[in-house]
Structure formats: structure tokens, C-alpha cells
Amino acid sequence: MILMAPSLLSADFAKLGADCDRMQAAGADIWHFDVMDGMFVPNISFGIPVLKSLNQYTDLPIDAHLMIEAPHRYIKQFAEAGADYITIHVEAEENPAETLKEIRKYGVIPSISVKPGTPAEAIFPYLELCGMVLVMSVEPGFGGQSFMPVALPKIEALRKESERLGLDMRIQVDGGIDAVTGKQVIEAGADVLVAGSALFKSENPKEFIDYMKNLG
Ligand code: DX5
Ligand code: ZN
């Protein structure tokens, strides 16, 4: 089953609740919550207090995509604010295994991500600690960029390896997802699609989401 995760980076923050209502009515499954620190990526977004308000507002699960250096410093705060998944970057952490275990300790689903230049194999050692992985199909930091096809063989490799290990692994893809690239990533083995600009700009988000889900 394909799950759709609207990237709230593309929402209108002055009416976040209304935008969430609109996306939930269209069939959203998970809120993709992009946290940026101005260090790991050259941009700053939103953080813990906004996640806390979102969690009080919504029943849907929230995935905190932490594009921050040394995310282990903030796991407790994001877990207590109400994250259901926490995604860290393998490039941002000296000891990813410890951080993933800490995420699990708080009852949150651990997830690990690779940037476009990082091979899928870099996260093979951590798959058994995760419930989901995230393949970036753009350089993290900004919405509205073009999909990078380098993500496709990485999704295939991660699907193959997780099956070899007998894991029930969600594979999420983030960046430049639209009707064309969405089909490609699903064929490669992804089953959680993050969509920002294409979905929020769509005149009919329900049609967009239904189309993706029917491909699965
Ligand atoms: C980029 C973020 C993405 C972004 C996706 O750093 O991680 O989640 O918002 O936006 P689109 O779908 O516009 O590429
Ligand atoms: Zn993201």
C-alpha cells in the first residue's frame, strides 16, 4: 500500500491548520515535517513548538525529517512533542545506531536517510534498527527542486536488501515527486511518497493522491 506524505514545507504557515484539513480530506496519510538548522542544510524552517501544535491539531502520524547536525541532541524533545517517526540523516551523525535506538526507546519509529550523493549501502548496517528509510531525490534544504534519477537504483537496492533481511521496511522518497516521478519511484520499490510543491500547487490534490495510491 502506498502512503502519501504531504511536505508541510509547502504549506501556508499562516493557515497551517486549514492546509492540513485540505490535505487530510484529499487522502494524506503522514505529515512530513521538515526541520532545518541552517548548518546541515543552507536553510532554516520550523521546529519543536510547531510540531507540538500540529500534534495537538491532527490525528495523522507525523514524521520529523531532521535535516540538522547531530540530531541525537534533540530526539527527546521531538519525541515528547509528538513525533510518530523521526528521520535522521546518516551524514549528520557520528553514531547513527545509538540515535536510532534512542528513537525506538521513546516509542517512536526510527528512520534513516541518505542524501543524493550518499550510496544506499551507507545505511545497510542500520536497516534492522529502522521501520522506515528515506531516499532523498533532491539535495535537502528546499522544496520545488527537480527529481534526481540517482534515487531510483538506491530505492531498488534498499528494497532488495530489506527483503533479503526479511524486514517489513517502508521506503520513503522525498524531493521532486509528481505524477511522472511518483510512478518511477513506486516501480523501483518505494511505498511512502513525500510530495511538497506538486501536491500543494495541484488544483485537485485528491486526484493527485488517488492517482499515486492506485499505482501501488
Ligand atoms: C527538501 C525537503 C522536502 C521538500 C519536498 O529538503 O526535505 O521534503 O519539502 O518538496 P518538493 O516535493 O517540492 O520537492
Ligand atoms: Zn523532507
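Where a number appears in this text, it was derived from the coordinates with a stated rule and is not lab data. The structure displayed is predicted, hence computed values, not measured ones. Cβ placement follows ideal geometry from the backbone for every residue including glycine, while neighbour counts extend to all protein chains displayed.
Charges were assigned to the Cβ only: +1 to each Lys and Arg, -1 to each Asp and Glu. The resulting dipole of the stretch 115-207 about its Cα centre is roughly 80 debye. Lys-Lys pairs in the stretch 3-215 that are eight or more residues apart or on separate chains and whose Cα atoms lie under 23 Å of each other come to 20. In the stretch 43-175, a dipole from Cβ-located charges (positive for Lys and Arg, negative for Asp and Glu) runs towards its positive end, and of G47, S113, L134 it is G47 whose Cα lies farthest in that direction.
Taking every pair of alpha-carbon atoms in the stretch 115-212, give the share separated by more than 18 Å as a whole percent.
Roughly 44 percent, once rounded to a whole number.
Calculate the length of the line joining the C-alpha centroid of the stretch 60-100 to that of the stretch 157-178, in whole Å. Taking the Cα centre of the stretch 157-178 as reference, the centre of the stretch 60-100 is 19 Å away. For the chain, what is the relative contact order in percent, using Cα pairs closer than 8 Å and at least 6 residues apart in sequence? Computed value for the chain: 21 percent relative contact order. The magnitude of the dipole of the chain, with charges of +1 and -1 set on the Cβ of Lys/Arg and Asp/Glu and taken from the Cα centre, is near 120 debye.
Mean separation of Cα pairs under 8 Å and 6 or more residues apart, divided by the residue count, gives the stretch 1-92 a relative contact order of 26 percent.
Most simply put, the chain has about 5% antiparallel DSSP beta bridges, counting only bridges with both residues inside it.
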